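Written below as structure tokens is the structure these notes are about.
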Amino acid sequence: MPQLGLLPGRAWAALLGQLLRPPRVVCLGAAHSHSQVAEAVLASQLKPRQEKSNFILKTPKGTRDFSPQQMVVREKILDIIVSCFKRHGAKGLDTPAFELKEMLAEKYGEDSGLIYDLKDQGGELLSLRYDLTVPFARYMAMNKLKKMKRYHVGKVWRRESPTIAQGRYREFCQCDFDIAGDFDPMIPDAECLKIICEILTGLQLGDFLIKVNDRRILDGMFAICGVPESKFRAICSSIDKLDKISWKDVRHEMVTEKGLAPEVADRIGDYVQCHGGLSLVEQMFQDPRLSQSKQALEGLGDLKLLFEYLTLFGIAEKICFDLSLARGLDYYTGVIYEAVLLQTPAPAEEEPLNVGSVAAGGRYDGLVGMFNPKGHKVPCVGLSIGVERIFSIVEQRMKTFGEKIRTTETQVFVATPQKNFLQERLKLIAELWDAGIKAELLYKNNPKLLTQLHYCENMGIPLVVIIGEQELKEGVIKLRSVATREEVAIKRENIVAEIQKRLFES
């Protein structure tokens, strides 16, 4: 082919015409240009939309939006939680929202059916994370870490039937704190329970109780009651429902659905209806049947030590040894716990909000080893705070008492009473921003002063700086208190310092 630059003029024009001519496509025996094909495709795409006259604009089932007012409350809750985690020396961590499907398999027992699986994307089978614990264990194994104290705040997804009134969703936020490493018994476990107490006290949700048990006590109890070992996890999952349904219904499920002998179920019933403090731990040591189980005795020994530490922390009165607590997740191996509110503030005409547990956790010494090719274990214990349930309680309380919420943190509003002062306002607000002051103005060339002042009152902005012809001439800025409506003239060069002083004093 000759070089383009050497072609004669006519030949160049002819070649250019060929290059620029739109290609022809044959479609169903007829020739169509690109534009005709594009129109046909566009029409086919639009047609289904036109037919969806009953389309409902909504969020997916079990999810929700959060308004600016709700976000303020939510951020305050999260700040209290994360501040506590940091106070106890935790480092932050984040992991992907989805994991390889095989990473989550066989970690959640009967709850595995609640995992959201994703369509094959590029040859990898993926699932949305069900909790933050398994991804943490994967992270520890993948990076060959032997110890870590971490916190993680993130969303998780579960395909359960949402109960919005009880703060249960399919997409929700979890706040986790975990201590990984080989340490002396029950010291990290006691700290986890102390953290739960600190957070629930700080959130001022009312009185609460933390139930504790141990998986080894449960397994020992199942063994001496005659439960086949192959049914341990299935029966444990049934026991875990005792906070939601009656013992009669749980017994029926164990016997009818899971094939447990009725007399075995009755023996279990004698134990799971026991709850108390350190005295119950001592009583179980003397139990003629339970004391025959080495596993159960190990668990009881750790619980006794745990109560000693809890007494030193000053929180033993908040802890209850409850033999019905099971925590259905398969990966727990030792101490388990769950915090419940004893009463939720509610107006006389409304039912109290029943949100179930607001925090839970336990020891899982074998989970990291599941991801290690050689099975090397890293003992772990942790907790998870139920943010959505706590938010439901706080939200109901705020509605009850009609609390007003500021949705912004603006400290100063830059206003003018006159036209053609946009440039001066922009220079002034830039100075405030550069000084770290939170400031706003209206995005109009010539806003009315009354409109600007009303905006400040509606948004709860405490201070207004006013600049006009008179102020410009005198080299001052008027500083106005929105609450008292008092105004004072401040020299232009001193305005930032004066604002900072007032904000500090408030």
query: Restricting attention to region 89-116, which residues are touching a helix residue (DSSP H, G or I) at 6+ places or on another chain (Cβ under 6 Å) and either open to solvent by 60 Å² or more (accessible area, probe 1.4 Å) or farther than 18 Å from Trp157 by Cβ (or both)?
result: Glu110
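Could you tell me whether region 207-220 includes any residue that is more than 27 Å from Leu78 (Cα to Cα) and of a type in the set (A, V, I, L, M)?
yes
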task: Of all residues in region 470-485, count the ones that are touching a helix residue (DSSP H, G or I) at 6+ places or on another chain (Cβ under 6 Å) and part of a loop (DSSP other than H, G, I, E, B).
output: 2
Complete set of residues in region 460-500 that are closer than 16 Å to Ala439 by Cβ and exposed (fewer than 15 other Cβ atoms within 10 Å of the Cβ): Ser481, Ala497
- request: Scan region 452-469 and give yes if some residue there is among the aliphatic types (A, V, I, L, M), assigned to a helix (DSSP H, G or I) and within 30 Å of Leu341 (Cα to Cα), otherwise no.
  value: no
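The values are calculated or read from the model by the stated rules, or taken from the named source; none is laboratory data. Because the structure is predicted, anything quoted here is derived from the model rather than measured. Neighbour counts are summed over all protein chains in view; Cβ atoms, including those assigned to glycine, are modelled from backbone coordinates with ideal geometry. Surface areas here come from the heavy atoms of the whole protein model, side chains and all, with no ligands, DNA or RNA. Shrake-Rupley method; radii C 1.70, N 1.55, O 1.52, S 1.80 Å.
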